[in-house]
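Student: Below is the structure I would like to discuss, written out as C-alpha cells.
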Amino acid sequence: MEGLVKMEMDRMTNKVKINWLDLLKVIAVFMVIVAHANDCIILNQDGNFNFEWGTYIGSLYRFAVPLFVLISGVLLLPAKLGTLEFYKKRLMRIVPALLFWGMAYVLFDGLVLNHKPWDKMLMEIAKLPLSFGDSAPHLWYLYMLVGLYLIIPILSPWVVKATKRELELVLAIFIFSTFIPYLKFLTGLAFGVCDWNEFHSFYYLSGFIGYLLMGYYLYTYLPGWSNKAKRWTGVFLFLTGYGITYYLTISVPFSIPNIEMVWYYCSPNVLLEAVGVFLLVEGMEFKEGLFLKTIQTIAHYSFGIFLVHYFFIGVIFRYMAAHFDLHPALNVLVSCTLTLLIAFAAVWTLAKFRLTRKLVM
C-alpha cells in the first residue's frame, strides 16, 4: 500500500511533464480554430452556404472545449495550494487577459471591421467585466474557466478522500445530466425547471465540473488499461459520439438554437467524443525529435493562440473563399493551419516582452 501511495504521489508531482497532454492541448486549440472557421459556413459568412459540409465539420470539433477541461482535471485536481493562493495564481492569469483581449477585440471590430461609433465601443468595453461581446464570442471560455477555478479548491478535499466508487457515482450523475437538454426539448420537463427556476435537480453536479472530475478520474484510474484497450475504446466512443451528433444535427428542424442544443458541450454525444479523443491519446509516448518539439512548443503557447486566433480566422477564411475555388473542407483545413501559424507567431512575439508576456502565457 505504501508503495502504491508513493507511486501515486510521484505521478501527481510529474503531471506537467506528460507529453501526451501537450498533444491533447494542440488538438484542442486547433479544433477551436476549426470551430470558428466553420461558423463562416454555418452562418453563411463566406457567401457560399453549405449546410452539408457545415454539419460534417460542425459535428467533428465539439469536443475541443471539453477536452481543455479534461486536461485541467488532470493538471489541477486536487489543488496543491490553499484557496487564496490558488485564486491569486490562477485568476490573476485569466482576468487581466480577459479584459485586455476583450477590449482589443472591441476596438478591432469597431475600428477595422465594422466602423462602430466610439460611444458604442466604450459601452461594449464597460460591459466586459460582466460578459463578452459579439466581437469576441470565444472569450466566453474564460468566464467559464473563472468559475472552474473558483470551485477547484472546494472540490479538492473531497477528491482526495473520495474512493473510486464514490467518484464513479458522481460521474454517473453528471453523465445523466447531459441528457436533460434533450429531455426538455422532447417533453418540456426537466426536473423542476420552469420559467422562474433554471436549476434542475442535478444542476450542481452538471456542466463543466463533470468534465473536470472526468479528467481526474480517467488519469487516475485508467493507467492500468492496455494501450490497445484504450485506443479501441477511444475510437469507438469518438465515432459513436460523432455519428450521433451528425445524425441529430440533420434530424432536428434547422435553427441556430436547435443546432446549438445538439452541439451543446455538455451533451452525451459530445461527452463521448471528448472522452474518446482523450483515450486515443492518453499514455502515448513520443521519441525525442522534431515532432515532439513542435507539439511541446505549440502547447506552451496554446493559451495565447486561443486568445488571439479570432483576429485572423474569419478574415483568412473569407479571403480564401473569395479568391480560391476550394472545397469547404479544404478551405477550413488551409485557413485553420494558416491561422495557427500566424497566431503562434504573434503570441511568440508578444511573449518576448515583459509587458505583454502575462497576457498570452
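The values are calculated or read from the model by the stated rules, or taken from the named source; none is laboratory data. No experiment lies behind these values; they were computed from the predicted model shown. Neighbour counts are summed over all protein chains in view; Cβ atoms, including those assigned to glycine, are modelled from backbone coordinates with ideal geometry. Just the protein is used for accessible areas: all its heavy atoms, side chains included, with ligands, DNA and RNA removed. Shrake-Rupley method; radii C 1.70, N 1.55, O 1.52, S 1.80 Å.
Student: Kyte-Doolittle mean at least 1.0 and Cα extent at least 24 Å along the axis: which DSSP H helices of the chain qualify?
Tutor: Helix filter hits for the chain: 19-42, 140-161, 328-350.
Student: Which residue fluctuates the most in the chain, going by a Gaussian network model with Cα springs under 10 Å, if the choices are ASP195, ASP134, ASP119?
Tutor: Maximum fluctuation in the GNM of the chain, among the listed residues, is at ASP195.
Student: For region 163-316, list log₁₀ I(q)/I(0) at each q in 0.15 Å⁻¹, using the Debye formula over Cα point scatterers of equal strength and ignoring solvent, two decimals each.
Tutor: Cα-only, vacuum Debye calculation for region 163-316: -1.04.
Student: Taking just the alpha-carbon atoms of region 52-108, what radius of gyration and Dmax come out, in angstrom?
Tutor: Rg and Dmax of region 52-108, Cα atoms, are 16.7, 50 Å.
Student: Another question about this same structure. Shape verdict for region 212-286, please, from the Cα gyration tensor: rounded (a/c under 1.5), prolate (a/b greater than b/c) or oblate.
Tutor: Prolate.
Student: Let me ask something additional. If the viscosity is 0.890 mPa s and the temperature 25 °C, what translational diffusion coefficient in µm²/s does Stokes-Einstein give for region 270-333 when Rh comes from Kirkwood over Cα pairs?
Tutor: Approximately 164 µm²/s, per Stokes-Einstein.
Student: Please give me the summed charge of the neighbours of ALA190: other residues whose Cβ is under 15 Å from its Cβ, Lys and Arg +1, Asp and Glu -1.
Tutor: -1
Student: Please work out the FRET efficiency for the pair LYS89 and LYS352, using the Cβ-Cβ distance as r and a Förster radius of 25 Å; give the result to the nearest 0.05.
Tutor: Details: r = 23 Å, r/R0 = 0.92.
Computed FRET efficiency for LYS89 and LYS352 comes out at 0.65.
Student: Separate question: Quick one: net charge around PHE291, please, counting Lys, Arg +1 and Asp, Glu -1 for every other residue with C-beta under 15 Å from its C-beta.
Tutor: Working: positive: LYS25, LYS287, LYS293; negative: ASP22, GLU285, GLU288.
Counting the neighbours of PHE291, the net charge comes to 0.
Student: As a test of understanding, state the convex hull volume per residue of region 195-253 from its alpha carbons, in Å³.
Tutor: Once divided by residue count, the hull of region 195-253 is 109 Å³.
Student: Full extension from ALA322 to LEU150: what is 0.36 nm times the residue separation minus their Cα-Cα distance, to one decimal in nm?
Tutor: In short, 57.5 nm is gained.
Student: Also, quick follow-up: Can you give me the distance in nm between label points at PHE51 and ASN19, each placed 7 Å from the Cα along the Cα-to-Cβ direction?
Tutor: 4.6 nm
Student: For region 296-361, place one equal point scatterer on every Cα, skip the solvent, and apply the Debye formula. What is log10 of I(q)/I(0) at q = 0.13, 0.16, 0.19, 0.21 Å⁻¹?
Tutor: So the normalised log intensities work out to -0.39, -0.55, -0.69, -0.79.
Student: How much accessible surface area, in Å² rounded to 10, belongs to the heavy atoms of VAL32 with a 1.4 Å probe?
Tutor: Looks like 10 Å² after rounding.
Student: Stick to Cα atoms and the Kirkwood definition of Rh, then tell me Rg/Rh for region 102-148. Can you show the working numbers first?
Tutor: Details: Rg = 11.0 Å, Rh = 10.9 Å.
Using Cα coordinates only, the ratio equals 1.01.
Student: Cα atoms only: what Rg and Dmax, in Å, come out for the chain?
Tutor: 20.8, 67
Student: Another question about this same structure. My understanding is that a pair violates if its Cα-Cα distance is over 20 Å; which of LYS25/LYS88; LYS80/LYS161; LYS88/LYS358; LYS161/LYS230; LYS89/LYS358 do that in this structure?
Tutor: LYS25/LYS88; LYS161/LYS230
Student: So what is the orientation-averaged projected area of region 79-130, using the convex hull of its C-alpha atoms, in nm²?
Tutor: With the hull built on Cα positions only, its mean projection is 4.2 nm².
Student: Taking LYS293 as the anchor, which aspartates and glutamates have their alpha carbon closer than 16 Å to its alpha carbon, excluding any fewer than eight residues away along the same chain?
Tutor: Filter leaves ASP22, GLU285.
Student: Based on alpha-carbon atoms only, what is the radius of gyration of region 236-361 relative to the globular estimate 2.2 N^0.38 Å?
Tutor: 1.31
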